[in-house]
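*Asks:* Following this message is one structure expressed as C-alpha cells.
The values are calculated or read from the model by the stated rules, or taken from the named source; none is laboratory data. All values derive from a computational prediction rather than experimental measurement. Virtual Cβ from ideal backbone geometry, glycine too; neighbours counted across all protein chains shown.
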C-alpha cells in the first residue's frame with residue numbers, strides 16, 4: 001500500500017513522493033520490512049522510523065485510518081452537541097530559563113522542558129476525568145485540544161481556578177495555563193464542514209484570555225497576596241538554582257527549593273531510565289517519585305523505571321525501537337561524563353574557545369497549520385504529529401551522535417540546543433539537509449546562533465538566540481551567525497570559497513589570526529565606502545597585505561581575486577572569518593597542552 005507524503009498537500013512546488021507503508025498499530029513501532037522511496041534522494045532514517053506507521057484511510061491519501069477512526073468514534077459516542085477545549089501553556093521561556101544561572105543550568109534545563117510536557121499531560125487527564133468520554137485530538141509543546149460532550153461550562157472555570165492557584169503559588173504568576181472552549185456539532189466534525197466559524201471562536205476566546213491571564217477573582221484567596229520570603233531574613237536562604245524561592249533541600253554542596261530539587265531529580269532519572277509511568281493519587285506518594293502537579297486534591301506523579309511495575313499511563317522513553325509500550329520522546333539527548341552524570345557547560349567548552357546556542361524554527365509553518373486546522377482535523381493531526389516527531393525524536397537522534405551538545409528542548413516545531421561551537425556548526429548543516437528531505441523542499445527552516453561563555457546567564461543566552469532566530473526568519477531559509485543574517489546557500493558558498501583560500505594560506509604558512517583580522521578590517525572598509533571615500537582603498541590594502549605576507553613578486557593575482565570576491569560580500573563574509581579565528585585559537589591551545 002502507498003500513502004502520499006504529508007508535504008504533498010503544501011501548495012509550493014509540485015514534486016510528489018509516495019511512501020511505502022505497513023499495518024498501523026500505534027504511532028511508533030519497530031519496522032520489520034522496508035522498501036525505499038521511489039525517489040531515493042528523499043529517503044532518510046526519519047522515513048524508515050516513522051512513515052510506515054501511517055496507514056491511510058484510502059490508498060494514496062493523506063488522512064490516516066487511525067485519525068479517521070478516532071474522530072468517528074468520538075463523534076458517535078459524545079452525541080450531537082460537542083465542546084472543543086484547547087489548552088495553552090504560556091510563559092514557557094520563563095518557566096524554563098528565568099532565574100537560572102549558567103553554572104547550574106546543565107542540571108535542570110532539560111528537566112524543566114520535560115516538566116512542561118508532563119504538566120500538560122496532567123492537565124489533559126484532569127479535563128478528561130471531568131468530561132466523561134472526552135479525548136485529546138492534539139497534544140504537544142505545551143498545547144492541546146480536547147473533544148468533549150457539551151456539558152456545564154463551569155467545569156472549565158473550576159479547572160482554570162485550580163491551575164491559576166497552582167501557578168500563582170509556585171511561580172508567582174510568571175507562567176500558567178489558559179483553557180479556552182467553544183461549541184460545535186457532530187455533523188460539522190464528521191463532515192469537516194463549516195468548522196471554520198467554530199475554530200475562529202475558539203481562537204478568539206484564547207486571545208481574550210491571553211489578555212487576562214489570571215482571573216484574580218476566580219483564584220484561591222491565599223495565593224493572590226503572599227510573601228514567599230516571609231519565613232527568611234537572609235539572602236543566602238534563597239534557592240541557588242532559581243533565585244526566587246526558599247532553600248529547602250540539599251543538592252551536592254548547595255541547596256535548592258522544593259521545585260528545583262524535584263526538577264534535578266527528574267533530570268537525573270530522565271537520562272537513565274527506559275520507561276515513565278504517569279499516575280495520580282489522592283495522597284502524597286513516595287519521595288522517589290517525581291511530583292508533577294496537584295489539581296482538585298489529586299496529586300500527579302511520574303515514576304521512572306527500567307522495568308514497569310507502577311500502574312498508570314506508561315511510555316517507552318528510551319532510544320530503542322518500539323516493542324511494548326508507546327514511545328514518547330521525553331529523553332532527548334544530553335551529554336554525560338565518565339561517571340554517567342550530565343556534563344556542565346564548562347565541561348562542554350573545556351577544550352574549545354566557546355559554546356554556541358542554536359534556536360531553529362520552521363518558516364511560515366503557522367500559515368500551513370492554520371489552513372489545515374480549518375480544513376480537516378485529521379490532516380492537521382497528521383502534519384502536527386510528523387513535525388513533532390521530526391524535532392523531538394529524529395533531530396535528537398542526530399544530536400546523540402555528538403559528544404558535546406545539550407538538548408534544552410526539541411518539540412513542536414521548536415529547537416534549542418547548546419554545545420561546543422565546532423560540533424554545533426557541523427550539526428547545523430545536518431539539520432538543514434535532513435529537514436529539506438523531510439519537507440520535500442516545500443518549506444524551509446531558519447536558525448539563529450550565538451556564541452557565549454559558560455558563565456553567561458542562561459536567560460541572556462536564550463534572549464540573544466531568540467533575536468538571532470527572528471533576524472534569520474526575515475528572509476527564510478537563512479542562518480544568523482555573529483549577528484549577521486544570510487541565506488543558507490550564501491553561507492555555504494562563502495564557506496566553500498574560503499576553504500580554498502585557507503588551504504592556500506596554510507600551504508604558504510600564512511595561516512595566522514592577525515591575517516584574518518586584517519580581512520575583517522577590509523570587510524568593514526568595503527561596507528563603509530559611502531561613509532568615507534578613503535575606504536575605497538581596500539583593494540590596494542589587500543594587494544599590499546598579500547605582497548607583504550605571501551609573495552613579494554606579486555604573482556598571486558588568483559588569490560587576490562578570490563579574496564576580493566569574498567570581501568565584496570561585506571558583512572556576510574565576516575562570520576566565516578570569525579569561525580576560523582576561533583579554530584586557530586583552539587589549535588594554539590592544543591599546541592600549548594602538547
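*Asks:* Just to check your reading of the model, which residue among 394, 421 is closer than 28 Å to residue 270 by Cα and either surrounded by fewer than 19 Cβ atoms within 10 Å (Cβ to Cβ) or at pLDDT below 90 (or both)? If you could, list the steps in order and put the result at the bottom.
*Replies:* Numbers: 421 fails: either surrounded by fewer than 19 Cβ atoms within 10 Å (Cβ to Cβ) or at pLDDT below 90 (or both).
The unique qualifying residue is 394.
*Asks:* Condition test on residue 471, is it surrounded by fewer than 19 Cβ atoms within 10 Å (Cβ to Cβ) and not in a helix (DSSP H, G or I)?
*Replies:* Here the answer is no, as residue 471 does not meet what is asked.
*Asks:* One residue is enough: does segment 270-284 have a residue meeting the conditions in contact (Cβ under 8 Å) with a residue 60 or more places away in the chain and in a helix (DSSP H, G or I)? Steps first, answer last, please.
*Replies:* Of the residues in segment 270-284, the ones in contact (Cβ under 8 Å) with a residue 60 or more places away in the chain are 270-272, 278, 280.
This time we only want the ones that are in a helix (DSSP H, G or I), so: 270.
Checking segment 270-284: at least one residue is in contact (Cβ under 8 Å) with a residue 60 or more places away in the chain and in a helix (DSSP H, G or I).
*Asks:* I'd like to know if segment 547-564 contains one or more residues that are modelled with pLDDT of 90 or more, buried (at least 16 other Cβ atoms within 10 Å of the Cβ) and not in a helix (DSSP H, G or I).
*Replies:* No: segment 547-564 contains no residue that is modelled with pLDDT of 90 or more, buried (at least 16 other Cβ atoms within 10 Å of the Cβ) and not in a helix (DSSP H, G or I).
*Asks:* Within segment 436-462, can you find the residues that are in contact with a strand residue (DSSP E or B) (Cβ under 6 Å, 6 or more places away or on another chain) and surrounded by fewer than 21 Cβ atoms within 10 Å (Cβ to Cβ)?
*Replies:* 451
*Asks:* In this structure, does residue 443 turn out to be part of a loop (DSSP other than H, G, I, E, B), under 24 Å from residue 97 (Cα atoms), at pLDDT below 90 and over 16 Å from the mean Cα position of the chain (by Cα)? Let's see the steps before the verdict.
*Replies:* Details: part of a loop (DSSP other than H, G, I, E, B): yes; under 24 Å from residue 97 (Cα atoms): no; at pLDDT below 90: yes; over 16 Å from the mean Cα position of the chain (by Cα): yes.
No: the conditions fail for residue 443.
*Asks:* Just wondering, is there one or more residues in segment 276-285 that are under 27 Å from the mean Cα position of the chain (by Cα), crowded, with 20+ Cβ neighbours inside 10 Å and modelled with pLDDT of 85 or more? Show your work before the answer.
*Replies:* Pass one, segment 276-285, residues under 27 Å from the mean Cα position of the chain (by Cα): 276-279.
If we keep only those that are crowded, with 20+ Cβ neighbours inside 10 Å too, we end up with 276, 278.
Pick out the ones that are also modelled with pLDDT of 85 or more and you get 276, 278.
Looking for residues that are under 27 Å from the mean Cα position of the chain (by Cα), crowded, with 20+ Cβ neighbours inside 10 Å and modelled with pLDDT of 85 or more, one finds at least one in segment 276-285, hence yes.
*Asks:* Any residue at all in segment 357-366 that is more than 25 Å from residue 436 (Cα to Cα) and crowded, with 21+ Cβ neighbours inside 10 Å?
*Replies:* First, pick out the residues of segment 357-366 that are more than 25 Å from residue 436 (Cα to Cα): none.
Within segment 357-366 (the criterion being more than 25 Å from residue 436 (Cα to Cα) and crowded, with 21+ Cβ neighbours inside 10 Å), the answer is no, since none of the residues qualifies.
*Asks:* If only one of 509, 493 is at positive phi and either surrounded by fewer than 16 Cβ atoms within 10 Å (Cβ to Cβ) or modelled with pLDDT under 95 (or both), which one is it? Let's see the steps before the verdict.
*Replies:* Working: 493 fails: at positive phi.
That would be 509, the only listed residue that is at positive phi and either surrounded by fewer than 16 Cβ atoms within 10 Å (Cβ to Cβ) or modelled with pLDDT under 95 (or both).
*Asks:* Would you point out which residue out of 168, 147, 137 is buried (at least 18 other Cβ atoms within 10 Å of the Cβ), in a helix (DSSP H, G or I) and more than 20 Å from the chain's Cα centre (by Cα)? Outline the logic, then answer.
*Replies:* Working: 147 fails: in a helix (DSSP H, G or I); 137 fails: in a helix (DSSP H, G or I).
Going through 168, 147, 137 in turn, the sole match is 168.
*Asks:* Going through segment 286-316 one residue at a time, which ones are assigned to a loop (DSSP other than H, G, I, E, B) and over 25 Å from residue 177 (Cα atoms)? Even if it seems obvious, please write down each step before you answer.
*Replies:* At the first step, the residues of segment 286-316 found to be assigned to a loop (DSSP other than H, G, I, E, B) are 286-289, 296-297, 306-312.
Of everything in segment 286-316, those that are assigned to a loop (DSSP other than H, G, I, E, B) and over 25 Å from residue 177 (Cα atoms) turn out to be 286, 287, 288, 306, 307, 308, 309, 310, 311.
*Asks:* Can you tell me which residue in segment 215-240 is modelled with the lowest pLDDT, limited to those that are crowded, with 18+ Cβ neighbours inside 10 Å and under 29 Å from residue 161 (Cβ atoms)?
*Replies:* Keep residues of segment 215-240 that are crowded, with 18+ Cβ neighbours inside 10 Å, which gives 219, 223, 238-239.
Add one more test, that the residue is under 29 Å from residue 161 (Cβ atoms), and what stays is 219, 223, 239.
Numbers: 219: 61, 223: 54, 239: 85.
Restricting to residues being crowded, with 18+ Cβ neighbours inside 10 Å and under 29 Å from residue 161 (Cβ atoms), the top hit is 223.
*Asks:* Then there's this: Go through segment 150-163 and count every residue that is more than 21 Å from residue 377 (Cβ to Cβ) and either surrounded by 19 or more Cβ atoms within 10 Å (Cβ to Cβ) or not assigned by TED's automatic domain parsing to the domain that holds residue 186 (or both).
*Replies:* Matching residues across segment 150-163 total 4.
*Asks:* Taking segment 182-198 on its own, how many of its residues are in contact with a strand residue (DSSP E or B) (Cβ under 8 Å, 6 or more places away or on another chain), surrounded by fewer than 20 Cβ atoms within 10 Å (Cβ to Cβ) and part of a helix (DSSP H, G or I)?
*Replies:* 2
*Asks:* Also, I was wondering about something else. Select, from 159, 119, 124, 179, the only residue that is closer than 24 Å to residue 281 by Cα and in a strand (DSSP E or B). So that I can check it myself, show each step before the final result.
*Replies:* Details: 159 fails: in a strand (DSSP E or B); 119 fails: in a strand (DSSP E or B); 124 fails: in a strand (DSSP E or B).
Of 159, 119, 124, 179, the one residue that is closer than 24 Å to residue 281 by Cα and in a strand (DSSP E or B) is 179.
*Asks:* Given the options 87, 79, name the one that is at pLDDT 65 or above, on the phi > 0 side of the Ramachandran plot and touching a helix residue (DSSP H, G or I) at 6+ places or on another chain (Cβ under 8 Å). Reasoning before the result, please.
*Replies:* On the way: 87 fails: on the phi > 0 side of the Ramachandran plot.
Unique residue meeting the criteria: 79.
*Asks:* Counting only residues that are touching a strand residue (DSSP E or B) at 6+ places or on another chain (Cβ under 7 Å) and in contact (Cβ under 8 Å) with a residue 60 or more places away in the chain, which one in segment 483-524 is farthest from residue 543 (Cα to Cα)? Break it down into steps so the answer makes sense when it comes.
*Replies:* Taking segment 483-524 as the starting set, the residues that turn out to be touching a strand residue (DSSP E or B) at 6+ places or on another chain (Cβ under 7 Å) are 485-488, 491.
Next cut, in contact (Cβ under 8 Å) with a residue 60 or more places away in the chain only: 486, 491.
Values: 486: 28, 491: 25 Å.
Filtering first and then ranking leaves 486.
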